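Data first, discussion second: the structure below is written as structure tokens.
The values are calculated or read from the model by the stated rules, or taken from the named source; none is laboratory data. Everything numeric here is computed off the predicted structure, so don't read it as measured data. Quick reminder, even Gly has a Cβ in these numbers, built from the backbone with ideal geometry, and neighbours come from all protein chains shown.
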Amino acid sequence: MSKTCIEPKKPILYKDFHISIKLTKNQVDLVDIAIIARRQGFREQTDRHITILSDIAGEQIENAISKLSAGRTKIIKNKIKSLVEDTDWKFKPQKIFYLTKETKDDDGNILEKRESFIRVVDMPGMGIFYKKLNKLLGTRIPVQFPHITLFSKGELPNCKYYGIPVNSKNEFRKLKTREISEESNSK
């Protein structure tokens, strides 16, 4: 596992406060997990990114901002943009995990099962960013769980993306996970 610190491009801020850092193929070490994943029918995720603010966090920001005057809204949006630009988004790749998540209906019947291989990243700037963001907005938005989806698969036909959203450490703990040992994969 590479412990090299990677300095990514600046995050992309979308209009609805969804923020991601786009990664190049060279910034994502797939190690030998690619062989195993493809053999098991997983698709490589070509839209490699680290989510900084998910759609859920974006909605919480929009909700907080909607309570402000028009003039104050503009000021806060500019401060958020500056906060994104001023944060150090360097990260170090960490462990790879296999995740599963089932979607169930009200009767407990399984509607869909999704599976993913993700690489967790150590990104100290993430916690700092959220601390400042929450102070600015007077909110308690949970810190996004920094990770990169490497491979995924699901059961819905013609679905373009089968990733499993992981918006916080608490959500990660609730999923069925298994750490993947890279050493055993390379043998």
Would you confirm, using the coordinates I've provided, whether residue 96 is touching a strand residue (DSSP E or B) at 6+ places or on another chain (Cβ under 9 Å) and buried (at least 17 other Cβ atoms within 10 Å of the Cβ)? yes
Of residues in segment 139-187 being modelled with pLDDT of 90 or more, polar (S, T, N, Q) and over 15 Å from the mean Cα position of the chain (by Cα), the one farthest from residue 45 (Cα to Cα): 139
Which of the residues belonging to segment 33-64 are over 20 Å from residue 167 (Cα atoms) and part of a helix (DSSP H, G or I)? 33, 34, 35, 36, 37, 38, 39
Take the conditions surrounded by fewer than 18 Cβ atoms within 10 Å (Cβ to Cβ), under 27 Å from residue 15 (Cα atoms) and aliphatic (A, V, I, L, M) and apply them to residue 136. Does it pass? yes
Filter segment 10-30 for residues that are free of Cβ contacts under 8 Å to residues at least 24 places away in the same chain and under 19 Å from residue 96 (Cβ atoms); which is surrounded by the most Cβ atoms within 10 Å (Cβ to Cβ)? 27
I'd like the residue in segment 35-52 that is more than 13 Å from the chain's Cα centre (by Cα) and surrounded by fewer than 12 Cβ atoms within 10 Å (Cβ to Cβ) and, out of all such residues, is farthest from residue 146 (Cα to Cα). 39
Test set (1) out of contact with any Asp or Glu (no Cβ under 9 Å at 6 or more places or on another chain); (2) farther than 23 Å from residue 12 by Cα; (3) in contact (Cβ under 8 Å) with a residue 40 or more places away in the chain; (4) not aromatic (Phe, Trp, Tyr) - residue 101 fails condition number: (1)
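Of the residues 136, 68, 150, which single one is in contact with a helix residue (DSSP H, G or I) (Cβ under 8 Å, 6 or more places away or on another chain) and assigned to a helix (DSSP H, G or I)?
Values: 68 fails: assigned to a helix (DSSP H, G or I); 150 fails: assigned to a helix (DSSP H, G or I).
Result: 136 is the single residue among 136, 68, 150 that is in contact with a helix residue (DSSP H, G or I) (Cβ under 8 Å, 6 or more places away or on another chain) and assigned to a helix (DSSP H, G or I).
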When every residue in segment 100-138 that is modelled with pLDDT under 90 and acidic (Asp, Glu) is compared, the one farthest from the chain's Cα centre (by Cα) is 107
Would you confirm whether any residue within segment 100-111 is exposed (fewer than 15 other Cβ atoms within 10 Å of the Cβ) and under 29 Å from residue 27 (Cα atoms)? yes
Based on this model, can you work out whether residue 35 counts as in contact (Cβ under 8 Å) with a residue 12 or more places away in the chain and over 30 Å from residue 64 (Cα atoms)? yes
